[in-house]
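Data block below; observations after.
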2 protein chains.
Amino acid sequence: MASMLTLLMVFLLLSLYTFSLVSSHQHHPLDPLTPSEFTLVQTIVKKSYPTPNHNLTFQYIGLDEPDKPTILSWLSNPDSTTPPRRALVTIRLKKESHDLIVDLTTSSLVSDNVYLGHGYPLLTFDEQDAASALPETYEPFIKSIEKRRLNLSDVLCTTYTAGWYGEVESKRVLNLQCYYKEGTINFYLRPVEGILLVVDLDEMKIVEYYDRSIAPVPKAQGTDYRASMQKPPFGPHPNGATFGQPDGPGFKIDGHNISWANWIFHLGFDQRVGPIISLASVYDVEKQTNRRVLYRGFISELFVPYMDPTEDWYYKTFFDCGEFGFGQSAVSLQPFTDCPANAVFRDAYYVGQDGVPVKISNALCIFERYAGNIMWRHTESEISDEVIREVRAEVSLVVRMVAVVGNYDYIIDWEFKPDGTIKLGVGLTGVLEVKGVTYTHTDEIREDVHGTLLANNTIGIYHDHFLTYYLDLDVDGEANSFVKNNLETIRTTNQSSPRKSYWTVVSETAKTEEEARIQLGLNQLELIVVNPNKKTKLGNNVGYRLIPGSVAHPLLSYDDYPQIRGAFTNNNVWVTPYNKSEKWAGGAFVDQSRGEDTLAVWSLRNREIENKDIVLWYTIGFHHVPSQDEFPVMPTLSGGFELRPNNFFDSNPVLKTRAPSVVPGPNCTTQG
Amino acid sequence: MASMLTLLMVFLLLSLYTFSLVSSHQHHPLDPLTPSEFTLVQTIVKKSYPTPNHNLTFQYIGLDEPDKPTILSWLSNPDSTTPPRRALVTIRLKKESHDLIVDLTTSSLVSDNVYLGHGYPLLTFDEQDAASALPETYEPFIKSIEKRRLNLSDVLCTTYTAGWYGEVESKRVLNLQCYYKEGTINFYLRPVEGILLVVDLDEMKIVEYYDRSIAPVPKAQGTDYRASMQKPPFGPHPNGATFGQPDGPGFKIDGHNISWANWIFHLGFDQRVGPIISLASVYDVEKQTNRRVLYRGFISELFVPYMDPTEDWYYKTFFDCGEFGFGQSAVSLQPFTDCPANAVFRDAYYVGQDGVPVKISNALCIFERYAGNIMWRHTESEISDEVIREVRAEVSLVVRMVAVVGNYDYIIDWEFKPDGTIKLGVGLTGVLEVKGVTYTHTDEIREDVHGTLLANNTIGIYHDHFLTYYLDLDVDGEANSFVKNNLETIRTTNQSSPRKSYWTVVSETAKTEEEARIQLGLNQLELIVVNPNKKTKLGNNVGYRLIPGSVAHPLLSYDDYPQIRGAFTNNNVWVTPYNKSEKWAGGAFVDQSRGEDTLAVWSLRNREIENKDIVLWYTIGFHHVPSQDEFPVMPTLSGGFELRPNNFFDSNPVLKTRAPSVVPGPNCTTQG
């Protein structure tokens, strides 16, 4: 009897614990939708459209985040009622795209709008799989493969968005290009050139077929990157490394809220854009309060145009968020290699075409980084009889996702530093997109092949990567201004100075969106988001500075179709007034879009942005000329940018940090 | 008897061991001078000038490295005679600068040239100390301090190079500015403004004295950065971190040769420029051979102009290598914070004014870095029934020096990656240079104060940091070319393409120095040093690409005196033909130089650089507008650039690397 009671108590306690965990998880209004919420959406939507399932497809389900004032008022009074949970749903039904809003609190369909503009929603994996399977039973294709003396069973076709090239009428189509997987898993390096298939996604059938040229299929040899397939000689072999934390991890996760050192933020996830950082605040030790920095930040769009204008390649100008879903392209991270031993992993969910939630295990990882860097230091030896040396090692917190969009792997890091800096890291790796050609030596090449000869019969095509970040900074509150600190040369006029010149800061607050469009590299300037209503004790505007990373300007003509669609990259920096509907720089319906709903278009309204709730858009870009060193898999090319406090704190916020106990590892030998 | 024999044998073995160690250490012709070699130089020089010691001062002693052909021929036949050891010595004697060459093998003075040009050699710490001590017994100064109601014993003066401002005649002088150390060790934040002293270094006396204005001395409160002096509230407190290597360190040090993974290089040290990386080669697994990358690389000059043109500040335009000695400014690194637990430390030596070698303990550290980064990866899920995931974590090797030039701390990293990349990191920390003013709030400021109000009565003055790297790349051999790959927009003319534009690479090999002067940011281009005589099997030129970091252009007028002296920063990139005498971008005698012997002048000869042994000069720059968050000590601001293989390897050089065993740490918990 006693043991029964004990068991019961344990059960009750466990239930209580589970409940409190769940309730805690459920309570933040910015939490991504849970699997059961996905299922609820599915149920509600299917109830509204009791048609056979195959006619209705779910293209996207995401949180319809509550209005910003609602969130802020809820935050200021956490005991108040949680704002209603609503989902933003995009479906395809009878060749039409619908934007639905589903209220999860009341289990009801709030609105249902048929989208009549140009462009189509996110592609689902299911429809891409279905399209990819069409060629294997398509007679003309089978003949083309036979003509090339290839085995059909080793041919694999993958999907490419078709873009928009001035067509007046358009259907929802996908292009297919095919590869040969015989002898390698790295089929991307064995393109079967000359064949282009166009699939009508609504009909799910091949509607156009081209077999216009033949090129050799590059050999399998040397393409496989699996360790198990490598042959000697091996190397190089760096020794192993281990990272540990004697006092345990320094961060806490409560639901989707993460707190670490002086940072607290909410980590969401969206099937379109991936990780979303919300409500990032930094604790000000002197003011003894959390101070707001970033209301919401994510990669809004990723534009990847290839530079081969020829008939089978011209269309390759991809938008990885709006077309393929950067979030649903997240892959499971491998412990110890994708993320270090001290990482904690989180799963993520996206909706399958049938409305069923799909889990990505370990889609995100969170870890503390100690890279051997120095947070601050000084050695003072000018004072007699003592050498003063104060050094603080730097530990930071990283949130990571890896998204694999076809051949390319993107490593996306959000790094939080105790000094208040947020560093946004981008790593490019994976497999290059290549074209099959006859050439086996550069001497044979007499034309522009639009790329680099990487292996026999293999050209790595020139391309760009533009990652456009949405950064709704709320520096100490919503009302912010965007300040351009131009560094300008002044000629001295005062004869008393032996100097002829110096530079000074000419500060300009952007009043309108137009004044905040910046092409970097032309001028020497600092870009700062300030709160004009909050000053330091000394009177400086509190702010955060954007320290740009790798700067690349688009090189496509402004009037070229892909650049019209990707016009949000025309400037490296834009600022817009906050508008809940303006989240996705390339527009909501990006697939085959015509550039009518991009950041560049919104910005034309030239709204006022001074002392308003503003959003900073920053594009980090890479022009990529492939190199043989990147074949058959590419060593990571890294870039990044920073948001760094700028008179945000009255003084160095890490002055009074404890010198972290960076202690010897288990096998830490010191050579003599 | 037996025990005596044993002891003798042990002794002999030990002697042998010691001898072999020494001989191994002594044998590389690029090794920095040893303490005994410094002493030998002293003896030889003093023998030549048997004057009383105080008349002869040693300003610089460094290795006179053997001619490059000599080194290369010695390398190709290591059994051949080691090239003779010679030292480059700069002395001051009877108000003249002498450049001596001392042969250490024959213990003889090879040459003795009196330098008759403008400018003076490196400053010694001894003469700076002597100059700094002059004011305390200088009556006018004592009166000035009394007038300010300050305690003389708390006043500390430090030395500032005077620069050149068009004077026709010049003496070897140093300026002094004074600070108040009462109540803080961070005296740099308590300037005593209005007093300027000029010291004649040859006479070692004050020759000019100005007391022209009085400003409040900023308070001590809040300036001390020592942990022991901080008052609550404390924080933030990241948890500790540990790094270890279960298989031990992966690098080997033999004398000054360091080998790690696929890298081997020689680590030298020079009192003027700090660490020198020589003969860096990377092992090519496929070719089974070491391939040359960098013959010699170091920071050639560091130009730090301040932007206050007023009478007591205008002269502050420093050249940290040529004036203060960046190498002799290296400080002892603190284990666990300056460098991680797995670091190995190395001492360095420079010459004291009296010719006696001075040791800097732990001046360099070498460590393997595992920052949780990914070397390469790909997840492949398009192949049915299997998900392929291959990931390699990145471990790299870092060589670090921290140089503290007065108030500023520079963290200088050379990072070697297994993929062949060399990453050059720069961290700026330490204490800002400030000016005392009457202001305690920005509202009171009605003039250009040339900086940011950082604390009461404290302006952090605008300034720049330009670090000019000397990079004698020998990509697979000496004869190299500099290629500008311009990315140019092409309008499509072929009506068959739906595209209107694309970009392509228009490659241009710089024939002369003029064609290799680059101001970055204006065009989209890739900069590559290639070996035009070595091609990959496919016919691509083997090369290394410069991936620039933080780009800053000088903003001083070209005709302004400091910029004439710092004209080597007028371009971000220069290429010169290798010339043993052209090492120091600002010239050999930089103190009070007139810009007659800079990289900009050498380059005017417009020599041919195609298919020659060439040197790449790259300047990484930072414009610095101080911010309150950087007071009283500055969180590190980081920058860097990369040299990355570009068709150097026939394929990814880390494809066949062993997946490093990144194992859990001792207390590595994984949250659920």
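The values are calculated or read from the model by the stated rules, or taken from the named source; none is laboratory data. None of these values were measured; they are calculated from a predicted model. Backbone-built Cβ (ideal geometry, glycine too); neighbour counts: all protein chains shown.
Data table
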item	result
Criterion violated by residue B:538 - all others in (1) at the interface with another protein chain (Cβ under 7 Å from one of its Cβ atoms); (2) over 21 Å from residue A:522 (Cα atoms); (3) assigned to a strand (DSSP E or B); (4) among the aliphatic types (A, V, I, L, M) satisfied	(3)
Condition check for residue B:589: within 13 Å of chain A (Cβ to nearest Cβ) and of a type in the set (Phe, Trp, Tyr)	no
Counted residues, the range A:31-53 - those being without any contact (Cβ under 8 Å) to a residue 12 or more places away in the chain and in a loop (DSSP other than H, G, I, E, B)	2
Subset of the range B:126-155 that is farther than 19 Å from residue B:329 by Cα, more than 14 Å from chain A (Cβ to nearest Cβ) and among the acidic types (Asp, Glu) - its residue that is surrounded by the most Cβ atoms within 10 Å (Cβ to Cβ)	B:146
Among the residues listed as B:523, B:533, the single one being within 25 Å of residue B:647 (Cβ to Cβ), at pLDDT 95 or above and either of a type in the set (S, T, N, Q) or assigned to a strand (DSSP E or B) (or both)	B:533
Residues that are among the aromatic types (Phe, Trp, Tyr) and not in a loop (DSSP other than H, G, I, E, B), drawn from the range A:319-342	A:319, A:324
Lone unmet requirement of (1) farther than 23 Å from residue A:432 by Cα; (2) not in a loop (DSSP other than H, G, I, E, B) for residue A:156	(1)
Odd one out for residue B:214 among (1) away from chain A (no Cβ under 14 Å); (2) buried (at least 18 other Cβ atoms within 10 Å of the Cβ)	(2)
The range A:343-359, subset away from every other protein chain (no Cβ under 13 Å) and in a strand (DSSP E or B), residue nearest to residue A:245 (Cα to Cα)	A:348
Evaluation of residue B:624 against (1) within 14 Å of another protein chain (Cβ to nearest Cβ); (2) within 23 Å of residue B:65 (Cβ to Cβ) (one fails), failing number	(2)
Residues (within 16 Å of the chain's Cα centre (by Cα) and either within 13 Å of chain B (Cβ to nearest Cβ) or basic (Lys, Arg) (or both)) located in the range A:259-302	A:272, A:296
Whichever residue in the range A:476-501 is of a type in the set (A, V, I, L, M) and within 13 Å of chain B (Cβ to nearest Cβ) and, among such residues, is nearest to the chain's Cα centre (by Cα)	A:483
Residue within the range B:502-513 that is facing chain A (nearest Cβ under 7 Å), buried (at least 22 other Cβ atoms within 10 Å of the Cβ) and not basic (Lys, Arg) present	yes
Qualifying position, being of a type outside the set (Gly, Ala, Ser) and in contact with a Ser or Thr (Cβ under 6 Å, 6 or more places away or on another chain), among B:555, B:527, B:546, B:522	B:555
Residues of the range B:524-562 classified as free of Cβ contacts under 8 Å to residues at least 40 places away in the same chain and in contact with a Gly (Cβ under 9 Å, 6 or more places away or on another chain), total	0
Residue match in the range B:156-178 (condition: within 13 Å of another protein chain (Cβ to nearest Cβ) and of a type in the set (Val, Ile, Thr))	yes
Residue B:246 under 22 Å from residue B:440 (Cβ atoms) and of a type outside the set (Val, Ile, Thr)	no
Residue among A:330, A:343, A:261, A:280 that is buried (at least 23 other Cβ atoms within 10 Å of the Cβ), hydrophobic (A, V, I, L, M, F, W, C), out of contact with any strand residue (DSSP E or B) (no Cβ under 6 Å at 6 or more places or on another chain) and in the same structural domain as residue A:463 (by TED's automatic domain parsing)	A:261
Selected residue [within 7 Å of chain A (Cβ to nearest Cβ), at pLDDT below 95 and more than 29 Å from residue A:243 (Cα to Cα)] from B:386, B:382	B:382
Which numbered condition residue A:252 misses (of (1) closer than 28 Å to residue B:498 by Cα; (2) surrounded by fewer than 16 Cβ atoms within 10 Å (Cβ to Cβ); (3) in contact with a Phe, Trp or Tyr (Cβ under 9 Å, 6 or more places away or on another chain))	(1)
Residues of the range A:561-620 satisfying the condition of being of a type in the set (S, T, N, Q) and more than 26 Å from residue A:98 (Cβ to Cβ)	A:563, A:569, A:570, A:571, A:572, A:576, A:603, A:606, A:611, A:619
Residues of the range A:358-400 that turn out to be under 30 Å from residue A:34 (Cα atoms) and surrounded by fewer than 19 Cβ atoms within 10 Å (Cβ to Cβ), as a count	3
Total residues in the range B:427-444, condition β-branched (Val, Ile, Thr), crowded, with 24+ Cβ neighbours inside 10 Å and within 12 Å of another protein chain (Cβ to nearest Cβ)	2
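Matching residues to (1) in the same structural domain as residue A:316 (by TED's automatic domain parsing); (2) crowded, with 16+ Cβ neighbours inside 10 Å; (3) within 28 Å of residue B:386 (Cα to Cα):
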residue: A:168; (1), (2), (3): no, no, no
residue: A:188; (1), (2), (3): no, yes, yes
residue: A:206; (1), (2), (3): no, yes, yes
residue: A:209; (1), (2), (3): no, yes, no
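Condition check ((1) crowded, with 21+ Cβ neighbours inside 10 Å; (2) farther than 30 Å from residue A:343 by Cα) across all residues:
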position: A:158; (1), (2): no, yes
position: A:174; (1), (2): yes, yes
position: A:227; (1), (2): no, no
position: A:240; (1), (2): yes, no
